[in-house]
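Working notes, beginning with the structure itself.
The values are calculated or read from the model by the stated rules, or taken from the named source; none is laboratory data. In this text, all values refer to a predicted model and were calculated from it rather than measured experimentally. So basically every Cβ, Gly included, is an ideal-geometry build from the backbone, and we count neighbours across all protein chains shown. When the accessible area is computed, the model is the full protein with side chains, heavy atoms only, and any ligands, DNA or RNA have been set aside. Shrake-Rupley method; radii C 1.70, N 1.55, O 1.52, S 1.80 Å.
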Amino acid sequence: MHKKLSKQNDYRNYKGIMIEPQIRDFFIGRIWTRNNTPFPKEKIEKYINSNHLSIRSAITVIQSPNLFKQKFFKCNRCHNENQEEFIQFECARCNELCVYCRHCINMGRMSRCTDLIVWSGPVPNFKHHHELAWEGKFTKAQEQASNELIASINLKRNHLIHAVCGAGKTEILFPAVHFALNKGLRVCVATPRTDVVLELFPRFQKVFPNTILHAYYGGSPKQPGFAQLVIATTHQLFRFEKAFDVVIVDEADAFPYTSDQALQKAVYKVRKNEAPIAFVTATPSLKILSQVKQENWGHSFIPRRYHGYPLPVPRFVSLWSYDKKINKGKLPPKLISWMKTRLEQKAPFLIFFPTIQLMELATPLFQEIDPKIISVHAEDPNRKEKVVKLRNEEIPGLLTTTILERGITIKNVQVAVVGAESKIFTSSALIQISGRVGRNVQFPDGEIVFFHHGITMEMDVAREEILRLNKEGFEKVTV
């Protein structure tokens, strides 16, 4: 158990060791490798020897009680238990047949002889006075959802916010986060996509100006101080354990979270005992909806956008053999016509492609029409800057993969999907992509077109769900 300090500036423990705030603040709630910290090794060893840092093996080996005495492994960082993702190898460090976890290898190798460290020393009292610098006004539906979320946090009850794209889900979170912070709680807002973290971080910084806030994603910079509010990708949760009093999962239906059990376990791993989890999404999975009923979660539903206008309904346009044409160095005439109309209207546009390869073949063909058109994908180191260029009207349009299907708001953006019949475009992905359009009150409608080589059930489901939500949203008096 952590011991609370009686005074924020009292860093001595019972052995008379002076605790350095920067070391304590870094390790509180984290699980980290012993030999790879941003602090001198001799200081880390001092804290280990004084029991401020506890050691555990990165890989737990479980001996089966059966006749064959089979070994099972568990990674103590990502909690992976899929035995196919553990690899045995001759280790040069321990000079034995060792094993490592392949699941979280991108974050540094976790092998059986790797030591993990966690903070077990005293922790300071968290700050109770936080400013909420948001002057927006809620619709009745938003206010109700916000109050319901606060009630669930107060009751330590899990909660689902199911709200259509453009309903103002992020704004709904502000009062609940403010409520939790002012109770001296530590809050994490997690999301599967780096792009969503990059979108959320400045918005939360602006409305919580006197709160220390950190953003964690692959390649994120070092950030000083102890963050009482954390915005992170779900992958970064592997590096935390029993750290947060409230966990909010934004875009809870997004890939890879929905298909990765270790990421789902990580959300539960990082919360303290009985800490509530709130899931926020426009397209909840059947699994989450089932949990809401079976486990008696709190539940808020908003079927209408904050500005009161309906969701733009996608139209289907055939684009036969589009991939063959692009491979031959030609853009389909219908796609050219759609794009030229957007250029004439001076309306920013996003065009989604099913693969990076097809998008990269198409990019120079678009640039023959307008050289300012650029493309972006998950591995692009400049993707944040490219989105900002579109938002600032420095470029007319952006070609993209599904990385921009959610968490991005561009005023008056028009959207096309090339190859909407492709398997990567699930109904939830197509709903999210459609949700990029018409989000601004000054431009509440817009164009969303699914260019296809044959209509799929996923396309039909997406369109029917949007029509259903529009019908339900306008049957209810929600504004």
### Message
Please report, in whole Å³, the volume per residue of the convex hull around the C-alpha atoms of region 140-302.
### Response
109
### Query
Taking the Cβ of residue 454 as the center, what net charge do the other residues with Cβ under 13 Å away carry, scoring Lys and Arg +1 and Asp and Glu -1?
-3
#### Entry: Distance between region 180-197 and region 225-302 - C-alpha centres, whole angstrom
10
### Message
Taking θ = phi - 60°, what integer Hz values does the Karplus form 6.51 cos²θ - 1.76 cosθ + 1.60 yield along region 435-446, in sequence order, with x for Gly and Pro?
### Response
x, 6, 8, x, 7, 8, 4, 7, 9, x, 10, x
### Task
Select from region 295-382 those GluC sites (Glu not before Pro) which occupy a DSSP coil region and have at most 13 other Cβ atoms within 10 Å, ordered by residue number.
295, 379
## Note on the structure
The set of residues whose placed amide H lies less than 5 Å from the amide H of residue 113, leaving out same-chain residues fewer than 5 positions away, is 99
### Summary
Helix 457-475: inclination vs the chain longest Cα principal axis, degrees, rounded to 10, gives 90
#### Entry: Radius ratio Rg over Rh of region 34-133, counting only Cα atoms, Kirkwood formula for Rh
1.11
### Query
Under 5 Å between amide H atoms, partner at least 5 residues away or on a different chain: which partners does residue 270 have, H built in plane at 1.01 Å?
242
### Computed over the chain: relative contact order in percent, which uses C-alpha pairs under 8 Å that are six or more apart
14
### Message
Need the list of aspartates and glutamates near residue 183 for cross-linking: C-alpha distance under 14 angstrom, and skip anything on the same chain fewer than eight residues off.
### Response
131, 245
### Query
Taking the Cα centre of the chain as the origin, how large is its charge dipole in debye, to the nearest 20, when only Lys and Arg (+1) and Asp and Glu (-1) carry charge on their Cβ atoms?
1100
### Message
Based on alpha-carbon centroids, what's the gap between region 437-474 and region 136-175 in Å, whole number please?
### Response
24
### Summary
Sorted by chain and then number, the residues having a modelled amide H within less than 5 Å of the amide H of residue 163, at least 5 places away or on another chain, are 281, 282, 302
### Query
Angle, helix 169-182 long axis vs. longest principal axis of the chain, Cα atoms, 0 to 90°, nearest 10?
20
### Task
Can you check what the net charge comes to around residue 41, using other residues whose Cβ is under 14 Å from the Cβ of residue 41 (Lys, Arg +1; Asp, Glu -1)?
0
### Message
What are the ³J(HN,Hα) couplings of region 195-202, residue after residue, when phi is run through the Karplus curve with 6.51, -1.76, 1.60 and θ = phi - 60°? Round to Hz, x for glycine and proline.
### Response
4, 6, 4, 5, 6, 6, 3, x
#### Entry: Length-normalised contact order for region 355-479 - Cα pairs under 8 Å, 6+ apart - percent
20
### Task
Quick one: pull the percent of accessible area on the chain belonging to carbon and sulfur, 1.4 Å probe, ligands and nucleic acids left out.
51
